[in-house]
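Here the structure is laid out as structure tokens; the discussion comes afterwards.
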Amino acid sequence: MVLVDAGVKNADMLDFLYRDRTHLSVYGMTLYGIALQEQSEMEKLAMLMKNIGQYVAQDDENQTAWLRMPPDCWWNWYGSEIEADAYYLKLLARTDPKSELASRFVNIS
């Protein structure tokens, strides 16, 4: 995100993060997704969205959705479910703002 915010495209870092994307925290994947979208890396972004999608939980009755965090990241500040949900919503707002999933993330109470 820092490199993208600075307008720097680093192909080596992009490839490194893509290769090891399944070892990133869910929060890290959401940040990486925003970077991929910003740099128009749509193929990689599509795969990353599938990876993040494995963590999405939904409550049809309340029409809400959230990211179900892995149990081993509860003690890390960067594993915060609130932060991860917020950045995933930012990612959805960039990639599919009118989706039902995006509206369900907005409905989290």
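The values are calculated or read from the model by the stated rules, or taken from the named source; none is laboratory data. Not measured: the values here are computed from a predicted model. Quick reminder, even Gly has a Cβ in these numbers, built from the backbone with ideal geometry, and neighbours come from all protein chains shown. With ligands, DNA and RNA removed, areas are computed over all heavy atoms of the protein, side chains included. Shrake-Rupley method; radii C 1.70, N 1.55, O 1.52, S 1.80 Å.
A few points about this structure:
- Whole-angstrom Cα spans of region 1-48 along principal axes, big to small: 25, 19, 17
- Largest GNM mean-square fluctuation across Ile82, Ile52, Ile34, computed for the chain with C-alpha springs under 10 Å, falls on Ile82.
- For region 9-108, the list of GluC sites (Glu not before Pro) that fall in a loop by DSSP and count at most 11 other C-beta atoms within 10 angstrom reads Glu61.
- For the pair Ile82 and Leu24, the difference between a 0.36 nm per residue extended length and the Cα-Cα distance amounts to 19.2 nm.
- Checking every one of the trypsin sites (Lys or Arg not before Pro) in region 17-109 against DSSP loop status and a limit of 16 other Cβ atoms within 10 Å picks out Arg68, Lys98.
- The distance between label points at Arg68 and Arg94 comes to 2.7 nm (points 7 Å beyond Cα on the Cα→Cβ vector).
- When both region 89-105 and region 16-62 are represented by their alpha-carbon centers, they are found 13 Å apart.
- Of all aspartates and glutamates in the structure, those lying under 13 Å Cα to Cα from Lys90, and not within fewer than 8 positions of it along the same chain, are Glu38.
- Apportionment of accessible area to carbon and sulfur, the chain, percent (1.4 Å): 53 percent
- Acute angle (nearest 10 degrees) that the helix 26-38 long axis makes with the longest principal axis of the chain, alpha-carbon atoms: 60 degrees
- Restricting region 4-90 to chymotrypsin sites (Phe, Trp or Tyr not before Pro) in coil, as DSSP defines it, with at most 10 other Cβ within 10 Å: Trp74, Trp75
- Using a Förster distance of 35 Å, the FRET efficiency for Ala6-Gln54 (Cβ separation, nearest 0.05): 0.70
- Shape analysis of the chain yields a ratio of the Cα radius of gyration to the Kirkwood radius, Rg/Rh, of 0.97.
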